[in-house]
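K.L.:
Would you mind keeping the following structure in view while I ask a few things?
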Amino acid sequence: QAQLVTSGGGLVQPGGSLRLSCAVSGITLRGYAVPWSMIWYRQGPGMEREQVASIISGGTTNYAESVRDRFAISRDSAFTFYLQMNSLKPEDTANYFCNFRRGTTDVWGQGTQVTVSS
């Protein structure tokens, strides 16, 4: 059974950094012809959920303009994905979710809260 466990959120001052983790279990990313994608979303207070960053099989990444050059999505293995967040701003405050998609598979992590405040 596929599971995504999200962690790494917390309280940070403006200009600070955090690295979010998304640990994947129950899914094998290698050895399959079907493309996959891992997407980081966030949802701030009173805001709609928005896509922040994504990575697809093969390594191609994409970023929202609001986080480009500040955030970076990566993976250390087939099991864990990361969102490195630098130069954080108060408007980055949100619940952050990771989402894995492959074919008909669509699995969400539970989310982790990021609060940027002085």
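K.L.:
Based on what the data block shows, is GLU91 of a type in the set (D, E, K, R), over 21 Å from SER117 (Cβ atoms) and modelled with pLDDT of 95 or more? Before you say what the answer is, go through the steps one by one.
P.N.:
Working: of a type in the set (D, E, K, R): yes; over 21 Å from SER117 (Cβ atoms): no; modelled with pLDDT of 95 or more: yes.
Considered against the rule, which asks whether it is of a type in the set (D, E, K, R), over 21 Å from SER117 (Cβ atoms) and modelled with pLDDT of 95 or more, GLU91 comes out as no.
K.L.:
Further, regarding this structure: Could you give every pair whose Cβ atoms fall below 8 Å, whose first residue belongs to segment 10-23 and is on the phi > 0 side of the Ramachandran plot and small (Gly, Ala, Ser), and whose second residue is outside any strand (DSSP E or B) and open to solvent by 40 Å² or more (accessible area, probe 1.4 Å), counting only separations of at least 6 or pairs across chains?
P.N.:
GLY15/SER87
K.L.:
With the condition being open to solvent by less than 30 Å² (accessible area, probe 1.4 Å), I'd like the strands (runs of 3 or more DSSP E) fully within segment 1-110 carrying at least 2 qualifying residues. Don't jump to the end; show me each part of the working.
P.N.:
Details: elements: 3-7, 10-12, 18-25, 36-43, 50-56, 61-63, 71-75, 80-85, 94-102, 105-108.
Where strands (runs of 3 or more DSSP E) fall fully within segment 1-110 and carry at least 2 residues being open to solvent by less than 30 Å² (accessible area, probe 1.4 Å), they are 3-7, 10-12, 18-25, 36-43, 50-56, 71-75, 80-85, 94-102.
The values are calculated or read from the model by the stated rules, or taken from the named source; none is laboratory data. Predicted model only: the values in this text are computed from it and were never measured. Cβ atoms come from the backbone with ideal geometry, glycine included; neighbour counts cover every protein chain shown. Side chains are part of the model used for accessible areas, which takes the heavy atoms of the whole protein and leaves out ligands, DNA and RNA. Shrake-Rupley method; radii C 1.70, N 1.55, O 1.52, S 1.80 Å.
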